[in-house]
């Protein structure tokens, strides 16, 4: 057997292993004790902080009820008592989701929560609000009842007037339903996850300094 | 180090921390929201007013159906003269100065109202109906002046039409082939056949209801039902659903603009008026949404929370010791 060739100078594993680099980046930016904290600054005891978590809870029930409805098909809830109940769960959890989200938004506004490097977290929150409105809108259009008919006929003028209707046809049930059950919920869920990661990465903002404090 | 570059440990240095259970909070929130949602869903259910079909429209309001179909032939309905994306009617699209997105994207969803809603369905039924076949040939070979004369006279006569045994009858007059065409179209509609014919696309599966909804939207029947349920734009309709259920209440600001000047006024201001309200309001809401997203960077808007001491209520524990010292 030929002797092994002398070792050639290689980059260290730390330099070349991308998995290791990604893991270290995550460890550095969002360690587990930040993602799942067991202690918080004492001022986080306010009820306003609850609006965020109950918004997430409502979103969970929106998604769960929506998964059942989409699995059974768009006709099911019109002809089944159980289906109607699941539609009602979807309808009211959506109403609660928006109620809690608006309360969360106003709460964060009056706390000026974008301070100390948190502007992107605020911005993504507003994008979530917009994406949620679009998701709910396509849901109202997908109901297959009188409401969805009239909303479609009425809304087409706004969409067409802005040029959006050429690509986003609210009279096309297939397009609205597809967007509602697939693309838009995935978008909202992804953005919410990103928003939460940003909140956990930076932690909650300090109270506004009585003397003025820092700005974003 | 700037606050925004600090790690959490540096950022919270000197601030007392207290025990906290994030998972417990989430579980309680999930359970609490589930209880409220299940209770409200069980007690209040959800809206599900049956949809209008071409059949139910023609059965409940035959005169409106025939008047609308005649209007499609005359080219006087909303969809016939809509402009883009359905057709290229001149000056029909909403514009604001040089901003004309409706025109820019062109005729992406071409709809010929007269042909799609009236002529083509009748042609499919004419193979076994010689009277209808003859009436259609008369219509299609007539001059546009004759067609206009017939539709005009027939539309006027329909104002005093009578309905009996599912048929619409009007006073004697020169309406050309229209009575035969409309009697057949009404019969097809009442039987439900027209619902299917409006969806024919040459493919088996179909999920695009654009033709049928545009046709129904041209009539007064669906509009009357919407008025009953307060669903119109000038009734804050976007926030309502049938049966007194809440609609998209989060669109309150968007729908509010439809109730106020200049979007309610024929002349308006700065080129914004009732005629281009949809475009104007979409632009306005886009600007306002961008402003909301960029609040952290907009002076005055970002300062409001300092001026209105709601934060003192939110963080009253934080501020309380400082008051005591003072």
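The values are calculated or read from the model by the stated rules, or taken from the named source; none is laboratory data. For clarity, every value in this text was computed on a predicted model and none was experimentally measured. Methodologically, a virtual Cβ is constructed for each residue, glycine included, from the backbone with ideal geometry; neighbour enumeration extends over all protein chains shown.
If residue B:319 meets every condition in (1) at the interface with chain A (Cβ under 8 Å from one of its Cβ atoms); (2) in a loop (DSSP other than H, G, I, E, B) apart from one, which number is that one?
(2)
Kindly state which helices (runs of 4 or more DSSP H) lie completely within region A:22-83 and contain at least 3 residues that are at pLDDT 95 or above and surrounded by 19 or more Cβ atoms within 10 Å (Cβ to Cβ).
A:50-72
Enumerate the helices (runs of 4 or more DSSP H) found wholly within region B:120-178, keeping only those where 3 or more residues are within 20 Å of residue B:64 (Cα to Cα) and free of Cβ contacts under 8 Å to residues at least 60 places away in the same chain.
Where helices (runs of 4 or more DSSP H) fall fully within region B:120-178 and carry at least 3 residues being within 20 Å of residue B:64 (Cα to Cα) and free of Cβ contacts under 8 Å to residues at least 60 places away in the same chain, they are B:144-158.
Could you list, in sequence order, the residues of region A:37-56 that are under 19 Å from the mean Cα position of the chain (by Cα) and without any contact (Cβ under 8 Å) to a residue 24 or more places away in the chain?
A:50, A:53
Please state which one of B:297, B:263 is surrounded by fewer than 16 Cβ atoms within 10 Å (Cβ to Cβ) and either under 28 Å from residue A:125 (Cα atoms) or touching a helix residue (DSSP H, G or I) at 6+ places or on another chain (Cβ under 9 Å) (or both).
B:297
If you scan region B:267-291, which residues turn out to be within 20 Å of residue A:159 (Cβ to Cβ) and touching a strand residue (DSSP E or B) at 6+ places or on another chain (Cβ under 8 Å)?
B:272, B:276, B:279, B:280, B:283
Which of (1) crowded, with 20+ Cβ neighbours inside 10 Å; (2) part of a helix (DSSP H, G or I); (3) facing chain A (nearest Cβ under 10 Å); (4) under 14 Å from the mean Cα position of the chain (by Cα) does residue B:223 not meet, given it meets every other one?
With respect to (1) crowded, with 20+ Cβ neighbours inside 10 Å; (2) part of a helix (DSSP H, G or I); (3) facing chain A (nearest Cβ under 10 Å); (4) under 14 Å from the mean Cα position of the chain (by Cα), residue B:223 is out only on (1).
Residue by residue through region A:109-127, note down the ones that are surrounded by fewer than 22 Cβ atoms within 10 Å (Cβ to Cβ) and part of a helix (DSSP H, G or I).
Answer for region A:109-127, where residues must be surrounded by fewer than 22 Cβ atoms within 10 Å (Cβ to Cβ) and part of a helix (DSSP H, G or I): A:109, A:110, A:119, A:120, A:121, A:123, A:124, A:126, A:127.
Given the criteria without any contact (Cβ under 8 Å) to a residue 40 or more places away in the chain and buried (at least 22 other Cβ atoms within 10 Å of the Cβ), does residue B:213 qualify?
The answer is yes for residue B:213.
Filter region A:69-108 down to residues that are over 22 Å from residue A:55 (Cβ atoms) and within 9 Å of another protein chain (Cβ to nearest Cβ), then give me how many there are.
4
Of the residues in region B:284-306, how many are within 24 Å of the chain's Cα centre (by Cα) and at positive phi?
Total meeting the criteria: 0.
For region B:1-97, give me every one of the helices (runs of 4 or more DSSP H) that falls completely inside it and has 3 or more residues that are more than 9 Å from every other protein chain (Cβ to nearest Cβ) and surrounded by 21 or more Cβ atoms within 10 Å (Cβ to Cβ).
Fully inside region B:1-97 and qualifying: B:54-60, B:62-74.
For every residue, the table says whether it meets (1) at pLDDT below 95; (2) under 16 Å from the mean Cα position of the chain (by Cα); (3) over 25 Å from residue B:224 (Cβ atoms).
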{"residue": "B:234", "(1), (2), (3)": "yes, yes, no"}
{"residue": "B:240", "(1), (2), (3)": "yes, yes, no"}
{"residue": "B:244", "(1), (2), (3)": "yes, no, no"}
{"residue": "B:255", "(1), (2), (3)": "yes, yes, no"}
{"residue": "B:259", "(1), (2), (3)": "yes, no, no"}
{"residue": "B:262", "(1), (2), (3)": "no, no, yes"}
{"residue": "B:271", "(1), (2), (3)": "no, no, yes"}
{"residue": "B:276", "(1), (2), (3)": "no, yes, yes"}
{"residue": "B:282", "(1), (2), (3)": "no, yes, yes"}
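I need the full set of residues from region A:130-144 which are within 9 Å of another protein chain (Cβ to nearest Cβ) and either crowded, with 22+ Cβ neighbours inside 10 Å or within 25 Å of the chain's Cα centre (by Cα) (or both), in order please.
A:130, A:132, A:133, A:136, A:137, A:140, A:143 - these are the residues of region A:130-144 that are within 9 Å of another protein chain (Cβ to nearest Cβ) and either crowded, with 22+ Cβ neighbours inside 10 Å or within 25 Å of the chain's Cα centre (by Cα) (or both).
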